[in-house]
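So the structure is just underneath, and the comments pick up after that.
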Amino acid sequence: MASASTLMFEAPLDPASRFQTWCDYLEPFFQVGIAPPVPANPYAMKAYNFGQILVWEVYAPAHRLERPARMVARQGIDHVLLLFYESDGGKGETGWRPGEARTRKVAIIDMAQPVLIDVSIRSAIAVVLPRALISDSIGVVEALHGQILDSGEDPAPDLLHTYLRGLIACAGQLGSHQLPALAAATSKMCGACFPAAAALRRPIDLQTNVAVRQFIRRELGSFHLTVEAIVAEFGLSRATLYRLFEAEGGVAGYIRERRLLWARRLLTQADGHGRMRVSAVAYTTGFSDEKSFSRAFKRRFGCLPRDTAVPEVFPWTGSDDAAILLSWMRDLAA
């Protein structure tokens, strides 16, 4: 019976190479730094692939994790990460919202945005899932980047943590036919952990919000996707539409962000014929011309589209398992 795919990282016994090996393993997702002397405590990580979600079990001493803007741009990863601190904690700085995480707290990380975290954990669990699996449940995710959820104030994170522990415990016995339902259940439970007031909208607004975002996702490559088109499609006023996307600075800003993230994914993919031309990516993702696309891309990610690396030329010094871990991240269903 096929079960969830598993990767296990165990650091070498040699203290001199232990930390560097850990850095190489996490290189696809985070730049790792730590102040000397490097601690002698072991590093270990198990990663479980449930098809639509990934679950990580981490044991590590203090270290720093960073996702700078250029790393975000070149990786093509558009997921949300929830980090459950099981012991000690850490401090995070997203660029505008510092926070502190201790035991029984959960950090929200939008992997499409830069982040810097000083981690002092001994053990933690992380769940990684595509943005769409969360967005369709609660609406806005981007505005929650860097927030710390306290399970002492809300039992939902504790419930999810207990569930994830159980999921890990039986991962080797699960059948492949069970994985889609378990991944869907996990994403629903993750959505239940987010603050009830995060979107600041009434129930009718939530229903409309989900419908509008699904419409935008379907029509994202169309030049005709405009504010006027959405207003006409749903019979909304401009004021109502703006209120639904107020956290993103309005619906036009949301559409531009979705298009840029889609473009980044296309630029970091390649088939047998190589990477798509920048002009083709621009038109595919709904931009009117290559010049305006390149200008918007550089403002968002700090580099031009032509400088975005594809997997075949991505500078890599890590292990084969780390490359597999990166491919799992890229292949998550959205």
### Long-range neighbours under 7 Å by Cβ, at least six apart or interchain, first residue of a type in the set (Val, Ile, Thr) within the stretch 160-173, second not in a helix (DSSP H, G or I)
Ile168/Tyr48; Ile168/Val55; Ile168/Glu57
### Task
Run down Ala309, Ala247, Ala270, Ala263 and say which single residue is modelled with pLDDT under 85, within 30 Å of Pro180 (Cα to Cα), hydrophobic (A, V, I, L, M, F, W, C) and not assigned by TED's automatic domain parsing to the domain that holds Arg67.
Ala270
### Task
Out of the residues in the stretch 35-74 that are polar (S, T, N, Q) and in contact with a strand residue (DSSP E or B) (Cβ under 8 Å, 6 or more places away or on another chain), state the one that is modelled with the highest pLDDT.
Asn49
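Could you say which residue among Val119, Val115 is in the same structural domain as Cys190 (by TED's automatic domain parsing), buried (at least 20 other Cβ atoms within 10 Å of the Cβ) and modelled with pLDDT of 85 or more? Talk me through it step by step, then tell me what you get.
Numbers: Val119 fails: modelled with pLDDT of 85 or more.
Among Val119, Val115, only Val115 is in the same structural domain as Cys190 (by TED's automatic domain parsing), buried (at least 20 other Cβ atoms within 10 Å of the Cβ) and modelled with pLDDT of 85 or more.
The values are calculated or read from the model by the stated rules, or taken from the named source; none is laboratory data. Note that the structure is a prediction, hence the values are computed from the model and not measured. So basically every Cβ, Gly included, is an ideal-geometry build from the backbone, and we count neighbours across all protein chains shown.
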